[in-house]
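J.: Dropping a structure here in structure tokens format, bear with me for questions.
The values are calculated or read from the model by the stated rules, or taken from the named source; none is laboratory data. Predicted model, so just to flag it, every value in this text is computed and none were measured. Ideal geometry is used to build each Cβ from the backbone, glycine not excepted, and the neighbour counts take in all protein chains shown.
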Amino acid sequence: MLKPLALILSSLVLISNVMATENSLPPKGEFGVFITDLHDLDFSKHEYKVEFITWFLTDDPDYNLLKTTEITNAKEFSVRNISTKTINGQYLYSQTFQGTIKQNWDAGSYPFDTQKLIISLAAPLEEVTYSLDKSSSIDNKIIPKGWSLESFDLIPISTYYPANVGEPNVPESMGRTFNEVQATITLKRSGLRTFVTAFLGLFVATFLIITVLTVNTSGKLLAIIPLQARITLCSGSLFAAVGAIYGLDSHVPFGTNFTFSDSLEITTFAGIVFAVLSSIASDVIIKSNKVAIHRNLMVSVWTLFLISHFGVNSYLIFKIL
């Protein structure tokens, strides 16, 4: 009699332990994102604005992951259109985020650049096991003009923080690891039109530099066009270059890395220096009847200008493309 009773009791204990284990398991769910709006890509303020729908599908009626989800790399954000639906015994939670996202723009290849816009979403995900909905995507119609969509990715990442975040059961030396979801939008700029318009002032300056160097090369032209006129052309190229730089400052964010824009600006100003110095030297040498020296000087100046301006910048363009 005792053996069957003991068997029944042990079975009940086993069942209760299994049930307790099942109840202690974190809830499961599926997390998804759909980007519905993307605009105001502001390079000067290092930000952009975005709107997207998030959803969480789960079997647990008591767990809504979206309640604690936030955009961790946003300057500011708001939530609206919060809803809950029951579909085939599952609970679908959804809401719309709208925010201004901080962005470190990569201007090294401007205007032929590719930018990765990252939206970091975080919640206490250690409390839930989840998968990412493969239907997560972005509306192609919202891509800003002048850009094309290269890819959209939704990936989970883990971030380690060297702090226990106030939890007494976690030693300070251990730190905490938090799970996040990153939505990455990869955009490529259609740079040809931007290249022509943004650098137009530098192109004008380059044309004036070439004009001055051409005059300096020819003894006949030197006799017709005085030094003052050539220096005036050099001054015009200087003003055109400075105006172009002011215009570029509103499009290209300041950074510590050397960029294609920096190369164009530096080599253009170097060309202006070449034009001014060669103008003065040409007049002095021609008046001294030193034709051979004048010819060698101008060959050297043209070589320096072509290599520094056209050679270096052409190499950088081909490297970018």
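J.: How many residues are modelled with pLDDT of 85 or more and either crowded, with 18+ Cβ neighbours inside 10 Å or of a type outside the set (Ser, Thr, Tyr) (or both) if we restrict to the stretch 6-55?
T.: Going through the stretch 6-55 one residue at a time, the tally reaches 24.
J.: Select, from Val181, Val204, the only residue that is at pLDDT 85 or above, of a type outside the set (Lys, Arg), in contact with a helix residue (DSSP H, G or I) (Cβ under 9 Å, 6 or more places away or on another chain) and outside the structural domain of Phe52 (by TED's automatic domain parsing).
T.: Val204
J.: Still on this structure: In the stretch 76-94, what residues are closer than 28 Å to Thr186 by Cα and surrounded by 14 or more Cβ atoms within 10 Å (Cβ to Cβ)?
T.: Matches in the stretch 76-94: Phe77, Val79, Tyr93, Ser94.
J.: Continuing with the same structure: Looking only at the stretch 279-294, which residues are part of a loop (DSSP other than H, G, I, E, B) and among the hydroxyl-bearing types (Ser, Thr, Tyr)?
T.: Ser288, the sole residue that qualifies.
J.: Go through Glu126, Glu70 for me and flag whichever is at pLDDT 90 or above, of a type in the set (D, E, K, R) and either out of contact with any helix residue (DSSP H, G or I) (no Cβ under 8 Å at 6 or more places or on another chain) or not assigned by TED's automatic domain parsing to the domain that holds Val252 (or both).
T.: Glu70
J.: Right, here's the next one. Considering only the stretch 300-321, how many residues are within 17 Å of Leu202 (Cβ to Cβ), among the hydrophobic types (A, V, I, L, M, F, W, C) and either at pLDDT 90 or above or not in a helix (DSSP H, G or I) (or both)?
T.: 4
J.: Moving on. Look at the stretch 217-232 and say how many of its residues are in contact (Cβ under 8 Å) with a residue 40 or more places away in the chain and under 46 Å from the mean Cα position of the chain (by Cα).
T.: Selection size over the stretch 217-232: 3.
J.: Further question: Out of Phe43, Phe52, Phe56, report the one residue that is in the same structural domain as Lys141 (by TED's automatic domain parsing) and either more than 15 Å from Val181 (Cβ to Cβ) or among the charged types (D, E, K, R) (or both).
T.: Phe43
J.: Limited to the stretch 56-75, what total is found for residues that are buried (at least 17 other Cβ atoms within 10 Å of the Cβ) and part of a strand (DSSP E or B)?
T.: 5
J.: Yes or no: Leu297 crowded, with 19+ Cβ neighbours inside 10 Å and either part of a helix (DSSP H, G or I) or under 41 Å from the mean Cα position of the chain (by Cα) (or both)?
T.: No, not satisfied.
J.: I'd like to know if the stretch 121-134 contains one or more residues that are of a type in the set (S, T, N, Q) and surrounded by 15 or more Cβ atoms within 10 Å (Cβ to Cβ).
T.: No, every residue in the stretch 121-134 fails to be of a type in the set (S, T, N, Q) and surrounded by 15 or more Cβ atoms within 10 Å (Cβ to Cβ).
J.: Sort through Phe318, Phe260 and tell me the only one that's within 30 Å of Gln115 (Cα to Cα), crowded, with 17+ Cβ neighbours inside 10 Å and of a type outside the set (D, E, K, R).
T.: Phe260
J.: May I pose another question? So which pairs qualify, if the first residue must be in the stretch 143-164 and closer than 30 Å to Thr194 by Cβ, the second must be hydroxyl-bearing (Ser, Thr, Tyr) and part of a loop (DSSP other than H, G, I, E, B), the Cβ gap must be under 7 Å, and the two must be at least 6 apart or on different chains?
T.: If the second residue must be hydroxyl-bearing (Ser, Thr, Tyr) and part of a loop (DSSP other than H, G, I, E, B), the pairs left are Gly146/Ser190; Trp147/Ser190; Ser148/Ser190; Leu154/Ser136.
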